[in-house]
Structures are given as C-alpha cells and as structure tokens.
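The values are calculated or read from the model by the stated rules, or taken from the named source; none is laboratory data. Quantities reported herein were computed from a predicted structural model and do not represent experimental measurements. For neighbour counting, all protein chains shown are included, and Cβ atoms are generated from backbone atoms with ideal geometry for every residue, glycine included. Quick note on the areas: whole protein, heavy atoms, side chains included, nothing else; ligands and nucleic acids left out. Shrake-Rupley method; radii C 1.70, N 1.55, O 1.52, S 1.80 Å.
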Amino acid sequence: MKIATFSVQSEQHIGLVQDDQIISLTALCPEEFPACMKKFIERSSELRTRAEHLIEQRINEDAIFKTSEVKILPPIARPDKIICVGLNYFDHCKETGMEPPASPVIFSKYSNAITGHNDPIEIPINSTEVDFEAELAFVIGKEAKHVSEEEAIEYVFGYTIMNDISARDLQFQDGQWSRGKTADTFAPFGPVIVTKDEVGDPHNLAISLELNGEIMQDSNTSNLIFTVPKIISFLSQSMTLMPGDLIATGTPPGVGMGRKPKIWLKNGDRMNVSIEKIGTLSNHVIA
C-alpha cells in the first residue's frame, strides 16, 4: 500500500496511490479517514482492512484524482520526532574523513524543516555551503520502548524518502550538527509512505540522487552499517518511539562535501532522490 497526503482545491485528503491515480479515502469515508496521516497510522491495523474493502466495494468516481492534478503534501506535517542517523555508510564515512562509528550517531531535525515533494529548498541567508543527502527513512507504526532487535521490525509502519539537506558551514562552525541540519525546508520527504509489507527487505534497495540530471549518489541500502532493527532497538532503550515518528537512516557516498571540487546547492538546482519500491522525491532550490 502506498499512501499519501494531498490537497485538492485547498481541501486536505489522505489516499492510496495506484499508478498515476490517487484514491481519496477521506472523500470515500471522511468520518473514518480524516485527513491526518498520524491518525491513520495509529489505527492502521483496522483502517488498512477497511480501506481495502472500501476501494473494492464502492469506488466513487469523485474520489479518484490524477496525481498530476493534486498537490502532494508532506505525508506527515508535524512528526513528534524527526530522528536522523549520521555516518551510516562506510564509504560516506571515508569521504567525510570520519571514522565509522561504533554505535549509531544520532541527531534531530525539527518540524520547521519539513517540506514536501516538488516544494522548494531554501538556502539560508547565513550559509553558502548547502549540501544534499539521499536517505531511506522509515515511519514508526506503534509505541516502541525497550524493543529488541529481533522484534523491532514489527514497529515499522512503512518507508519513505528523505533528502537530509545540510548547511555544512553552519554544521561545522558549531561543533554540533543541529543548526546546520534543521533550517527551514531542510527535511523534504515523501512523496508517499509505502507499507512495510510492500517494500519487503529494507536492506536491499537501490538508492540514488540526481542533481540537475547528473547522478551524484548511487548505492544500495545493503551497505548500511546499522540496520533498521538495530536503529529502532538502540533508540528505544532511552526514548519511547511513537506512531508517526520519522527516522532517516543515513546517506551513501557522493555528497557535495566529499567531492573535489566541492559541490554546493545553488539557486535553480533540481534534485531527484529515488529509492527502489518507493518512488522519487523531487525538489528545487531557491536562494
């Protein structure tokens, strides 16, 4: 199941994406499917079955839209947590000149950084070194605390794409990463969340980033140092993960900072981040 948040004539919906169409669950049954992805995730075990039944039994033509005719929104507008894992591909560690970590390197972004598919990435007025990072992200499906690695995958609702935009000059000026990682629009993600049953193994997915038509990053999630279950278990020992929490798993090599000469994002640039079985997240850059 591929599920998206979208708007039509300023009205927000959640819906199922099928090829070039999106079927609005909100239009089919607004009392059961309010236009809130977090509420859907919290009740997903019952609502998924209900959604499938609705679509099979009584498709209303007024609930079917072309994806090209709607505005795709961030799947979750304000996650309770946006947690990121740094230095999680060996080759990325090498290109940054940092040692592979012994345990996951964790940092956070805030909700001000959330933006969606086809939305602009804004370069802050105090930065000239803004970078890109293609990342597989996952969404927590149920409350998770003190979870073992063996059971951790049960707590995943689905997978999506994030571009971990980073102002490297701010990041390294501060000696910690928060300010450089969570400027406005620095967490574009989407365009959909794909449920874990449809994705299958999250550790064998092609991942790439294209900048202005040129491939910058091209790897596979099989190269992750710390797996999705490891990340969930690691985090849940000290914090309670909640439905709708968004966790990005790190980026492969090829970022602008690691290139010679370095490549920084500039006004007018266009990026496409693609992950196998999920889709493509597209954004453009404005100064």
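Assorted remarks:
- Extreme residue, farthest from Ser208 (Cα to Cα), among residues of the range 250-287 that are among the small types (Gly, Ala, Ser) and open to solvent by less than 60 Å² (accessible area, probe 1.4 Å): Gly268
- Filtered residue count, the range 52-67, keeping only those that are modelled with pLDDT under 85 and not acidic (Asp, Glu): 7
- Selection count where residues are in contact with a helix residue (DSSP H, G or I) (Cβ under 6 Å, 6 or more places away or on another chain) and open to solvent by 20 Å² or more (accessible area, probe 1.4 Å), scope the range 63-86: 1
- With respect to (1) in contact (Cβ under 8 Å) with a residue 40 or more places away in the chain; (2) among the acidic types (Asp, Glu); (3) over 26 Å from Val192 (Cα atoms), the lone exception for Asp174 is condition (1).
So that you can scan it fast, the table gives a plain yes or no per residue for (1) closer than 18 Å to Thr115 by Cβ; (2) in contact with a strand residue (DSSP E or B) (Cβ under 6 Å, 6 or more places away or on another chain); (3) free of Cβ contacts under 8 Å to residues at least 60 places away in the same chain; (4) not small (Gly, Ala, Ser):
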| residue | (1), (2), (3), (4) |
| --- | --- |
| Gln18 | no, no, yes, yes |
| Glu31 | no, no, yes, yes |
| Lys39 | no, no, yes, yes |
| Ala51 | no, no, yes, no |
| Glu56 | no, no, yes, yes |
| Asp62 | no, no, yes, yes |
| Ile72 | yes, yes, no, yes |
| Pro75 | yes, yes, no, yes |
| Arg78 | yes, no, yes, yes |
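- Looking across the range 1-60, the residues that are in contact with a Lys or Arg (Cβ under 7 Å, 6 or more places away or on another chain) and among the acidic types (Asp, Glu) come down to Asp20, Glu32.
- Test for Ile125: is it at pLDDT 95 or above and either open to solvent by 40 Å² or more (accessible area, probe 1.4 Å) or at positive phi (or both): yes
- Considering residues of the range 233-263 that are among the small types (Gly, Ala, Ser) and over 16 Å from the mean Cα position of the chain (by Cα) only, the residue nearest to Thr280 (Cα to Cα): Gly254
- Looking only at residues of the range 40-51 that are within 15 Å of Val192 (Cβ to Cβ) and in contact with a helix residue (DSSP H, G or I) (Cβ under 8 Å, 6 or more places away or on another chain), we find that the one that is modelled with the highest pLDDT is Phe40.
- Residue that is farthest from Ala167 (Cα to Cα), among those in the range 113-140 that are assigned to a loop (DSSP other than H, G, I, E, B) and of a type in the set (Gly, Ala, Ser): Gly116
- Considering Lys196, Lys230, the condition of being under 17 Å from the mean Cα position of the chain (by Cα), under 22 Å from Ile275 (Cβ atoms) and among the charged types (D, E, K, R) is satisfied by Lys196 alone.
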